[in-house]
2 protein chains.
Amino acid sequence: MRDVVIHPIDVLLKKRDGEELSTAEIEFVVGAVVRGNAREDSGETAGAVGETISDAQIGAFLMAVFERGLSLRELGDLTRAMRFSGETFDASVLETFTLDKHSTGGVGDKSSLLIAPVWAAAGMDGGSSVSVPMISGRSLGHTGGTLDKLETIPGFDSQLSLARMGEVLRECHAALVGQTPRLVPADRILYGMRDHTGTVESPFLICASIMSKKLAEDLRGLVLDVKVGSGAFMPTLERSKFLAELMVSTGESAGTKTVALLTAMDEPLGRFSGNWVEVWECVDIMQGRRHSMSADLIELSNALSGWGLFLAGRAESPEDGTALADEILRSGAAYAAWLRIVAAQGGDTSVFEDPAAFHKPKAMRVLRASRDGFLAGMDCKEIGWAVQRLGAGRARPGDPVSAHAGIESHAKIGDRVEAGQALFTLFSEDEALLEEPYRMLGGTVRIADHRPERQSLLREVVKAG
Amino acid sequence: MRDVVIHPIDVLLKKRDGEELSTAEIEFVVGAVVRGNAREDSGETAGAVGETISDAQIGAFLMAVFERGLSLRELGDLTRAMRFSGETFDASVLETFTLDKHSTGGVGDKSSLLIAPVWAAAGMDGGSSVSVPMISGRSLGHTGGTLDKLETIPGFDSQLSLARMGEVLRECHAALVGQTPRLVPADRILYGMRDHTGTVESPFLICASIMSKKLAEDLRGLVLDVKVGSGAFMPTLERSKFLAELMVSTGESAGTKTVALLTAMDEPLGRFSGNWVEVWECVDIMQGRRHSMSADLIELSNALSGWGLFLAGRAESPEDGTALADEILRSGAAYAAWLRIVAAQGGDTSVFEDPAAFHKPKAMRVLRASRDGFLAGMDCKEIGWAVQRLGAGRARPGDPVSAHAGIESHAKIGDRVEAGQALFTLFSEDEALLEEPYRMLGGTVRIADHRPERQSLLREVVKAG
């Protein structure tokens, strides 16, 4: 039997005209993208290894996929080809239920820092064992990144090899690490291309990017937090739900139990938004101190944790799982797991003894309510950008971030406020960086005469079948 | 006033979402494409000259235009930006009505070799003067190229500078030349990109490509021959007509009187298909010998010539123009103009004394009818490919072509044929090249029991308003 030769031009013509690509054609594209990049890195000339694909062809392919979309079968094939484009984690030696969560990105969303310890604690108390190979990202755009938060802990090392990650998982049942250079290289290359060809917002390409990285962790369960509202990447509930459905379908068809919660991102989640301040907030909760501003964070975290415990067979229902998660938080078991995980990754746990004292911004300013009324709303994306401009986020990949920049929220949407009352405290490590974010926050916060209708935090659950 | 900075990503996002681009945005893209290419040629590094556009972005842009189309305003802007991307011909010094024709490509279509001398002859006999700055292309794919035909004439030089073209025009009222390297460079670059990104078939991009080159000739009148049928690039009448409408609109909005004739391309046009054999056929006609197989060619040529004479004000109606064109052919005036043009471009006109004798194929074969009946049809594109495989066309740009390869048609669709009667004679300069085309022709010619309905050669006229 002769191998069928696939030409990039034929793949482009099919997708351009809305036809379905074959598995072999999708595997060819992903393979050629990675091969072309490897050749570029090594200085080899094009054409040295089999059939290649040019940058112009990749750009045209991404745009054709943007315009024409993918069938679920094509999406599954693309995700799988990307997942296996480099090294992958092999969880079989752990003999546990590997479980992870992923959020599409929000402001003040530090729930991973609570969920991982909760699941790890559940994984250590016997029964059907759970482990959490959590590979996270960095802040980009208006959203924060779990790695940036963790790295404010002195000595904390997020750059573990997959082998070392396996050791930490065996010891602690969770590891909080960054992507290795060889994990899902196709996504690294394609994401860079999407970013400058105007094809980032395709739900199909977003799904393949997220799911290829998560599935490379060899997961048996995955809980997705898909944000909706003014702080979400996806502008509408309809589009967020469509993305959630694509991700659940892709996860399930890869053999991973997958559920997506559509959750509100209309205001910063919890009390703090930034880097160290978010660790501080989580440590407070795990140590048993529940600030009133953290109520929404705890509700979200418990709901996501609960679904994971249900998927792992540790709870009879998601609701039972939620109750169990809250109990694990309250009992101190999550905090104990947290200390073990941080210590295993080289972090200095003494900073958790007085997390407020470790917070050392060099400059602060308070935004106050201009009048009496009710906090009615804000553009949450604008809040995220203000946090980024304070120094907590980065303008482009590779930029350094400030450990102690951020904001504290003093009121939630629907709260009664009085003129002069503090709404936000801004922190920065540079006085000069306060002015613009202060104006941004002041410009987007709305105070109204009447209390706005309360929106629920948990909007909808998307699951298989 | 500050210059508005245009970023490629913003242009991509707009076109991707089906929004209309501004004139400045379209000019930016074309400018950046040409600048980027110039930089590449000179070895400069990217970013040295203003804002650039990457290959991936050009690929994505072309695909977005393919999928979303262009408004007539955008198409006019794209055509104009391409037209002025390099040097252009300035016809103002000629003080004549500059007139040209363009065909979307066919098999055996040598009408340019008749039309240019007819118009030149009309341009020389006083009245409102006409000149024909005809910049033609070479054979590609299944279609022939006017330059390849002309260059079978010993000494004929098609590579004139625009300045030299102006001199020939002043002397002969027509010049038959190839594209200069600096004429419409944007099309050369974009065509190469379209070819390998699967975006060739966009009617908008085809229109901009054709019209930018034609309008760079500084035309006052343009007659377009848009082919329909099995030998045409566009598969359906509907799509051919849409392309014709785009081209007429684009020409008219640039101030050029433009008309398009939709004409049949269901079988090779005229008696011969190839290179020298097509010159031979035209010389026969201009010398007053009208072979029965040339009737369709003469009909087409006179119709296109007639429309041009009408646009130029040399005839009261297209029908009068057609009659005038036929008279110019019959009177010998066209042949006299032809001899002047060829001589002015260095060609040896002695070969026209006995054009049949100059035809020197090294190998021949005759395809005969397998049975009695009527010639019912053929895939005309397949005929074109057979001619190409005989050596008359090229597999890729830059390949040499054979002067004497080609075919002679001995019957037209609808003709009564008898078993054993010659249908095609194949000519090649290499015996080994006969076999495959012989099988291709034999495989595509259909003989039926009943006479097929006659189709008209001239299907429809598309004109402004």
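Computed quantities for the displayed model
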read-out: Odd one out for B:GLY105, checked against (1) among the small types (Gly, Ala, Ser); (2) part of a loop (DSSP other than H, G, I, E, B); (3) not assigned by TED's automatic domain parsing to the domain that holds B:GLY229; value: (3)
read-out: Enumeration of residues in the range B:191-204 that are more than 16 Å from B:HIS102 (Cα to Cα) and either modelled with pLDDT of 95 or more or not aliphatic (A, V, I, L, M) (or both); value: B:TYR191, B:GLY192, B:ARG194, B:ASP195, B:HIS196, B:THR197, B:GLY198, B:THR199, B:GLU201, B:SER202, B:PHE204
read-out: Of all residues making up the range A:14-34, the number that are closer than 17 Å to A:MET63 by Cα and not hydrophobic (A, V, I, L, M, F, W, C); value: 8
read-out: Residue check for A:ILE115: at negative phi, of a type in the set (A, V, I, L, M) and not in a helix (DSSP H, G or I); value: no
read-out: Residue that is surrounded by fewer than 19 Cβ atoms within 10 Å (Cβ to Cβ), under 27 Å from A:PHE156 (Cα atoms) and modelled with pLDDT under 95, where the choices are A:ASP399, A:ASP354; value: A:ASP399
read-out: Among the candidates B:SER161, B:SER112, residue that is under 20 Å from B:ALA334 (Cβ atoms) and in the same structural domain as B:ARG271 (by TED's automatic domain parsing); value: B:SER112
read-out: Selection status of B:THR79, hydroxyl-bearing (Ser, Thr, Tyr), over 29 Å from the mean Cα position of the chain (by Cα) and either in a helix (DSSP H, G or I) or at pLDDT below 90 (or both); value: no
read-out: Residue that is among the basic types (Lys, Arg), in contact with a Cys (Cβ under 7 Å, 6 or more places away or on another chain) and more than 20 Å from B:ASP148 (Cβ to Cβ), where the choices are B:ARG330, B:ARG368, B:ARG340; value: B:ARG340
read-out: Subset of the range B:55-72 that is more than 7 Å from chain A (Cβ to nearest Cβ) and part of a helix (DSSP H, G or I) - its residue that is farthest from B:THR197 (Cα to Cα); value: B:LEU72
read-out: Number of the exception - A:VAL342 against (1) assigned to a helix (DSSP H, G or I); (2) on the phi > 0 side of the Ramachandran plot; value: (2)
read-out: Residue match in the range A:105-128 (condition: closer than 30 Å to B:ALA56 by Cα, away from chain B (no Cβ under 14 Å), among the charged types (D, E, K, R) and touching a residue at least 60 places away in the same chain (Cβ under 8 Å)); value: no
read-out: Selected residue (only one of B:MET211, B:MET193 is surrounded by 20 or more Cβ atoms within 10 Å (Cβ to Cβ), within 23 Å of B:VAL33 (Cα to Cα), within 14 Å of chain A (Cβ to nearest Cβ) and not small (Gly, Ala, Ser)); value: B:MET193
read-out: Residue satisfying all of: in the range B:40-54; more than 7 Å from chain A (Cβ to nearest Cβ), surrounded by 11 or more Cβ atoms within 10 Å (Cβ to Cβ) and outside any helix (DSSP H, G or I); modelled with the highest pLDDT among these; value: B:ILE53
read-out: Answer residue from the range B:278-293, given it is surrounded by 22 or more Cβ atoms within 10 Å (Cβ to Cβ) and out of contact with any strand residue (DSSP E or B) (no Cβ under 8 Å at 6 or more places or on another chain) and is farthest from B:GLY384 (Cα to Cα) among those; value: B:MET286
read-out: Residue match in the range A:228-239 (condition: touching a Pro at 6+ places or on another chain (Cβ under 7 Å), within 14 Å of chain B (Cβ to nearest Cβ) and over 30 Å from A:GLY166 (Cα atoms)); value: yes
read-out: Sole residue being closer than 24 Å to A:GLY137 by Cα, in the same structural domain as A:LYS412 (by TED's automatic domain parsing) and outside any helix (DSSP H, G or I), chosen from A:ALA386, A:ALA395, A:ALA376; value: A:ALA395
read-out: Counted residues, the range B:292-323 - those being in contact (Cβ under 8 Å) with a residue 12 or more places away in the chain, part of a helix (DSSP H, G or I), under 16 Å from B:SER129 (Cα atoms) and of a type in the set (A, V, I, L, M, F, W, C); value: 3
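The values are calculated or read from the model by the stated rules, or taken from the named source; none is laboratory data. Here the structure is a predicted model, which means the values were calculated and not measured. Cβ sites come from the backbone with ideal geometry, for glycine too, and all protein chains shown count toward neighbours.
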